[in-house]
Amino acid sequence: MTRATLSISSKNYSSWSLRGWLMAKMAGIAFDELLTTPGDADARAEILLLSPSILVPCLNYGKHKIWDTLAIGEFLNEIAPKAGLLPADSIARARCRSICGEMHSGFTSLRSALPMNIKAHFPKFKVWSKAQADIERIAVIWRECLNLSGGPFLFGKPSLADAMYAPVVLRFKTYDVQLDSECS
């Protein structure tokens, strides 16, 4: 099997880098991790060479570059199908893709109000209303998935959905967001 290189920035501050890294780990593929610092002009030039979009994560697999997190997840599912990154059942698989897509394109208020920082802790953090609406939607997604699958992961066993929402779990811990017991 081809050895991959995953270009990422900080897993502490970049939810997208953390997602890509988790997906590669969950897939069980052999990969080298290439850390870049996006704030540095030289690093930005390096990222451009590694990823056409200047975004991370970017998975380099042989001569091919996959630079969107959802595309990386889909590709990893194809090259490592035994990892089960997507559910086997077609309805569950479509649902998994739907909630991954919702995470990928949504929850902008949550991202703005609760920046990613795994090392920080802000007890009794006051969440503003738009971010609270995102939190409530995420809780609905988690509750429905766990009720359907029986847990302990969103689709019973680790999936792309868990990788996509893992940074949200960490944000909730950082900012002391309280959820009902059905979501944990």
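No other residue among Leu146, Leu179 is part of a loop (DSSP other than H, G, I, E, B), surrounded by 15 or more Cβ atoms within 10 Å (Cβ to Cβ) and either more than 16 Å from the chain's Cα centre (by Cα) or touching a residue at least 40 places away in the same chain (Cβ under 8 Å) (or both) apart from Leu179. For region 123-135, the set of residues classified as surrounded by 11 or more Cβ atoms within 10 Å (Cβ to Cβ) and either touching a Ser or Thr at 6+ places or on another chain (Cβ under 6 Å) or part of a helix (DSSP H, G or I) (or both) consists of Lys130, Ala131, Gln132, Ala133, Asp134, Ile135, listed by residue number. Residue check: is Trp128 touching a helix residue (DSSP H, G or I) at 6+ places or on another chain (Cβ under 6 Å) and modelled with pLDDT under 95? Spelling it out, Trp128 is indeed touching a helix residue (DSSP H, G or I) at 6+ places or on another chain (Cβ under 6 Å) and modelled with pLDDT under 95. Tallying residues that are in contact with a helix residue (DSSP H, G or I) (Cβ under 9 Å, 6 or more places away or on another chain) and either farther than 21 Å from Gly151 by Cα or of a type in the set (A, V, I, L, M) (or both) within region 76-88 yields 6.
The values are calculated or read from the model by the stated rules, or taken from the named source; none is laboratory data. Owing to the predicted nature of the structure, the values given are computational and were not obtained by experimental measurement. Neighbour counts are summed over all protein chains in view; Cβ atoms, including those assigned to glycine, are modelled from backbone coordinates with ideal geometry.
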